[in-house]
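The values are calculated or read from the model by the stated rules, or taken from the named source; none is laboratory data. In this text, all values refer to a predicted model and were calculated from it rather than measured experimentally. Quick reminder, even Gly has a Cβ in these numbers, built from the backbone with ideal geometry, and neighbours come from all protein chains shown.
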């Protein structure tokens with residue numbers, strides 16, 4: 001290798017330089033090079049070999065002069081094989097979603113050079129005030145009922161930002177939006193001796209090794225997916241909202257490359273964070289990366305003890321645990337399993353000491369919230385795997401009849417159970433996340449693994465918002481209530497003790513008698529009280545007392561409310577009971593009020609001044 005100013009091995013891929021383009025390609029092949037095409041006609045213009053002296057390690061670098069970047073597309077070759085650039089910033093043409101493609105079909109282009117970010121700023125929203133929403137870019141607006149101009153695209157999602165903001169969403173998590181082959185070319189189904197070779201199934205989700213530097217072309221309404229995605233991020237930031245991207249890294253992806261990929265998306269696309277997916281990822285190194293300290297990083301687990309000294313707390317907590325333990329414990333409690341109350345209460349108050357935690361009742365790979373109260377078992381028959389795919393452990397209950405029903409009592413119970421679940425979700429201390437459509441009762445007909453379903457099974461049907469208006473309004477009310485009362489989203493896990501000597505613990509549990517809870521064995525009911533003296537609203541006045549009477553038993557139970565400070569009384573705020581259940585029964589005496597909480601319901605009380613009567 002003869003060193004010269006033209007040899008610049010990083011970053012890999014193709015990049016504009018004065019009077020030309022610099023190409024950098026990692027390969028261990030002795031014979032490799034660049035294929036340049038006319039961008040308009042697609043015809044091969046030139047085949048340019050890398051020379052041995054243009055290689056250091058396994059990286060070749062070459063400057064190609066006297067060429068306009070806007071006029072060409074390119075690929076690499078190794079021997080007789082054509083290779084798409086794994087570090088391409090974009091690919092040629094408007095891709096039709098679901099069309100069969102080979103990796104060798106992908107011709108890379110250099111994206112548009114200039115973009116006006118209009119002085120956007122990353123919101124850096126603390127986990128305690130985040131309301132997260134996970135969605136699939138195509139499935140979110142592809143259904144005709146979405147009423148957007150550009151269905152199933154980044155532009156279509158941009159059109160829905162006002163809806164998300166109205167719902168109180170602060171942080172949107174996007175399933176993979178990097179380029180991947182959703183329909184790889186495979187042999188048509190045919191007989192091969194005694195074996196049947198099947199055509200590969202559509203990869204609707206995108207959890208595969210992808211082209212990690214390029215926004216997915218099929219998710220763009222126009223020709224320039226990079227610009228369209230930038231416009232999406234810019235609009236989210238204008239509305240004070242965040243964009244977090246899912247990245248799946250299988251074992252074959254070099255661990256040293258992951259940090260480079262994440263840095264690229266922060267610098268090029270101004271994204272706010274990443275949900276890291278895959279086994280044995282270098283998350284400790286990523287958490288220590290100086291460029292990523294303002295970016296949210298979500299993973300199954302972080303070793304915060306090795307990341308921070310014992311008394312050290314990060315100025316901006318960007319790490320968060322993201323796993324399914326909350327989902328399983330809370331679903332079991334919701335359907336009335338025994339010996340689960342104590343675990344449910346632990347889940348509702350848990351916050352890691354030096355990180356956040358994302359908690360949810362459903363996600364992309366589970367039964368939706370609507371389906372968890374409508375099906376006892378998964379129904380993945382349409383996936384073509386004889387219902388063997390997807391988890392069998394759903395912790396769901398159909399409320400008396402499997403699937404769609406006309407029985408009024410079953411439908412009313414399902415709505416009540418959904419309201420109960422939403423209450424638990426938003427009265428839990430860590431960061432709530434909801435999967436798209438759960439806020440208005442979206443169903444996937446019992447399919448908990450629609451990885452290959454690019455159809456109405458996985459597309460969000462917006463007509464459900466009108467059909468389930470009561471549920472949608474309830475959801476928005478809970479979001480507003482949570483944000484209004486900081487006692488429901490504290491900085492650190494409640495200690496369940498009176499550490500400011502005000503006469504009340506920050507969090508306490510109650511049973512038939514105040515201060516005497518029973519959380520073991522067959523108990524499925526409890527009173528949860530948050531004391532507002534431990535936080536300030538708008539940094540000025542103390543928050544209110546809040547009491548959540550929870551009864552997941554199929555029989556009504558009485559719960560006592562503790563006596564409030566002098567001059568205050570309890571006011572019933574709302575209940576999840578339906579009209580057919582009848583109102584909560586009230587009993588009072590001189591020492592403490594008692595409420596009989598209806599079966600499978602939650603009633604919420606708030607403190608008020610006695611003179612406000």
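Among the listed residues 295, 306, identify the single one that is crowded, with 16+ Cβ neighbours inside 10 Å and under 24 Å from residue 492 (Cβ atoms).
The conditions single out 295.
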Checklist outcome for this item: Counting only residues that are surrounded by 21 or more Cβ atoms within 10 Å (Cβ to Cβ) and not in a strand (DSSP E or B), segment 52-82 contains a total of 1
Next on the checklist: With the condition being touching a residue at least 12 places away in the same chain (Cβ under 8 Å) and within 30 Å of the chain's Cα centre (by Cα), I'd like the strands (runs of 3 or more DSSP E) fully within segment 493-554 carrying at least 2 qualifying residues.
Outcome noted: 525-530, 546-551
Item to check | Identity of the residue in segment 280-292, touching a residue at least 24 places away in the same chain (Cβ under 8 Å) and in contact with a helix residue (DSSP H, G or I) (Cβ under 7 Å, 6 or more places away or on another chain), that ends up surrounded by the fewest Cβ atoms within 10 Å (Cβ to Cβ) | outcome: 291
Next on the checklist: Restricting to segment 363-377, count the residues that are surrounded by fewer than 23 Cβ atoms within 10 Å (Cβ to Cβ) and farther than 17 Å from residue 133 by Cβ.
Outcome noted: 2
Checklist entry - Can you name the number of the only condition in (1) part of a loop (DSSP other than H, G, I, E, B); (2) more than 30 Å from residue 183 (Cβ to Cβ) that residue 85 fails? => result (2)
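May I ask you to verify whether residue 245 is at pLDDT 95 or above, touching a helix residue (DSSP H, G or I) at 6+ places or on another chain (Cβ under 6 Å), under 21 Å from residue 139 (Cα atoms) and surrounded by 17 or more Cβ atoms within 10 Å (Cβ to Cβ)?
Considered against the rule, which asks whether it is at pLDDT 95 or above, touching a helix residue (DSSP H, G or I) at 6+ places or on another chain (Cβ under 6 Å), under 21 Å from residue 139 (Cα atoms) and surrounded by 17 or more Cβ atoms within 10 Å (Cβ to Cβ), residue 245 comes out as no.
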Checklist entry - Could we say that residue 467 is surrounded by fewer than 19 Cβ atoms within 10 Å (Cβ to Cβ) and over 30 Å from residue 448 (Cα atoms) here? => result no
Checklist entry - In segment 269-279, which residue that is in contact with a helix residue (DSSP H, G or I) (Cβ under 8 Å, 6 or more places away or on another chain) and not in a strand (DSSP E or B) is surrounded by the most Cβ atoms within 10 Å (Cβ to Cβ)? => result 271
Next on the checklist: With part of a loop (DSSP other than H, G, I, E, B) and within 20 Å of residue 438 (Cβ to Cβ) as the only criterion, which of 168, 98 stands out?
Outcome noted: 168
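Residues are listed down the side, and each one gets a yes or a no for (1) at pLDDT below 95; (2) over 30 Å from residue 291 (Cβ atoms):
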{"position": "113", "(1), (2)": "yes, no"}
{"position": "124", "(1), (2)": "no, no"}
{"position": "147", "(1), (2)": "no, yes"}
{"position": "151", "(1), (2)": "no, yes"}
{"position": "154", "(1), (2)": "no, no"}
Checklist entry - Out of 242, 223, 260, which single residue is over 21 Å from the mean Cα position of the chain (by Cα), in contact (Cβ under 8 Å) with a residue 40 or more places away in the chain and closer than 18 Å to residue 155 by Cα? => result 223
Item to check | Given (1) over 29 Å from residue 129 (Cβ atoms); (2) not in a helix (DSSP H, G or I), index of the condition residue 244 fails | outcome: (1)
Checklist entry - Which residue, of 588, 519, 580, 576, is at pLDDT below 95 and buried (at least 16 other Cβ atoms within 10 Å of the Cβ)? => result 519
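Every residue, every condition in (1) crowded, with 22+ Cβ neighbours inside 10 Å; (2) in contact (Cβ under 8 Å) with a residue 12 or more places away in the chain, yes or no:
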| residue | (1), (2) |
| --- | --- |
| 352 | no, yes |
| 361 | yes, yes |
| 392 | no, yes |
| 401 | no, no |
| 412 | no, yes |
| 426 | no, yes |
| 441 | yes, yes |
| 445 | no, yes |
Next on the checklist: Give me the residue from segment 403-430 that is assigned to a loop (DSSP other than H, G, I, E, B) and over 28 Å from the mean Cα position of the chain (by Cα) and, out of that set, nearest to residue 447 (Cα to Cα).
Outcome noted: 405
Next on the checklist: Given (1) part of a loop (DSSP other than H, G, I, E, B); (2) out of contact with any strand residue (DSSP E or B) (no Cβ under 8 Å at 6 or more places or on another chain); (3) surrounded by fewer than 21 Cβ atoms within 10 Å (Cβ to Cβ), identify the lone condition not met by residue 125.
Outcome noted: (2)
Checklist entry - Taking segment 309-329 only, how many residues are out of contact with any helix residue (DSSP H, G or I) (no Cβ under 6 Å at 6 or more places or on another chain), farther than 20 Å from residue 130 by Cα and surrounded by 16 or more Cβ atoms within 10 Å (Cβ to Cβ)? => result 1
Checklist entry - Which condition does residue 225 not pass, out of (1) buried (at least 21 other Cβ atoms within 10 Å of the Cβ); (2) at pLDDT below 95; (3) within 30 Å of residue 323 (Cα to Cα), if it passes all the others? => result (3)
Next on the checklist: Here is a check on your reading of the model: is residue 490 within 30 Å of residue 440 (Cα to Cα) and not in a loop (DSSP other than H, G, I, E, B)?
Outcome noted: no
